1. Which of the numbered conditions does residue A:3 fail, given that it passes all the others? Conditions: (1) under 28 Å from residue B:167 (Cβ atoms); (2) surrounded by 10 or more Cβ atoms within 10 Å (Cβ to Cβ); (3) away from chain B (no Cβ under 14 Å); (4) at pLDDT below 90.
2. Can you tell me which of A:87, A:136, A:143, A:101 is in contact with a helix residue (DSSP H, G or I) (Cβ under 7 Å, 6 or more places away or on another chain), assigned to a helix (DSSP H, G or I), free of Cβ contacts under 8 Å to residues at least 60 places away in the same chain and at negative phi?
3. For the stretch B:76-101, how many residues meet the condition of being more than 25 Å from residue A:69 (Cβ to Cβ) and away from every other protein chain (no Cβ under 14 Å)?
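The values are calculated or read from the model by the stated rules, or taken from the named source; none is laboratory data. This is a predicted model, so every value here is computed, not measured. Backbone-built Cβ (ideal geometry, glycine too); neighbour counts: all protein chains shown.
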């Protein structure tokens, strides 16, 4: 390829796009009348663009039916609001847990002595209740029977026999 | 969720409020035809094109409130669309319809290009150009589509792609020479 052909080919695209100055365009035109190879290149440039246009037009034909669904309002996530709500919930939970831990009375631990005492009290109350019921069955002295029941209620108030004795009095 | 079909909305005049026309969404709707042209220029399939336009519409909504001038917003929209199309192009999903399919549909629907004359189009020639466009590098494809299919000048293309007009012109020269040379190399006599 001659030196002048190289120069002209550099300008051919701008020539077809009408981007050259009148002087440059004249120079290219003159060269094209004399050079078959550069004419071929010019034709190939035009032909390739025509064919590209066919491909583009086909794409556009298919794309024109494309539908786009648009949300009229963008979904906005209000992070500060969510953070404030989460912080409030966390604060309430923490306060509640701490409060309960501070206020709740500690459970008394039972010793063996206490356990034994309670068993003895229950046994004594049961024996006395049984005796009072026998007395009520075989004696007419109601006042003495009631006094027996009252004794059970007063002496062993934490036992189930005390509850039964209270009912008998009533 | 309140959905608007922009095509329908544009026809029915449902989106004619002044506020909407100034918003990015309004500009998106007004420019939808041009954006579809860009999508077609990059050779995307209709489904890929739909995805691209959907994404662009979401980005336009997210950008609401950052209104500068209409020209800036239109440039921004085109830029976002081009970038999104290039992403699809990189996945090698562009220009998948072969020449025969294009010509078959062309014959069926009577679609005509503005530039192509009525001479018979040879399948092989069309296929060469299709393959060449598919293989064209990203930096070359964008300017070619915007300049020759969207009819923007080099300055406008440069503003959208962040390039100097002289760089746009040199890329256009390179791209077009590639397409032309491939035709000649494959023995096509134009």
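1. Here residue A:3 clears every test but (2).
2. From the options A:87, A:136, A:143, A:101, the qualifying one is A:136.
3. Residues flagged as more than 25 Å from residue A:69 (Cβ to Cβ) and away from every other protein chain (no Cβ under 14 Å) within the stretch B:76-101 amount to 2.
To keep it simple, each residue is scored yes or no on (1) at pLDDT 90 or above; (2) in contact with a helix residue (DSSP H, G or I) (Cβ under 9 Å, 6 or more places away or on another chain); (3) assigned to a loop (DSSP other than H, G, I, E, B); (4) in the same structural domain as residue B:96 (by TED's automatic domain parsing).
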| residue | (1), (2), (3), (4) |
| --- | --- |
| B:28 | no, yes, no, yes |
| B:44 | yes, yes, yes, yes |
| B:49 | yes, yes, no, yes |
| B:55 | yes, yes, no, yes |
| B:72 | no, no, no, yes |
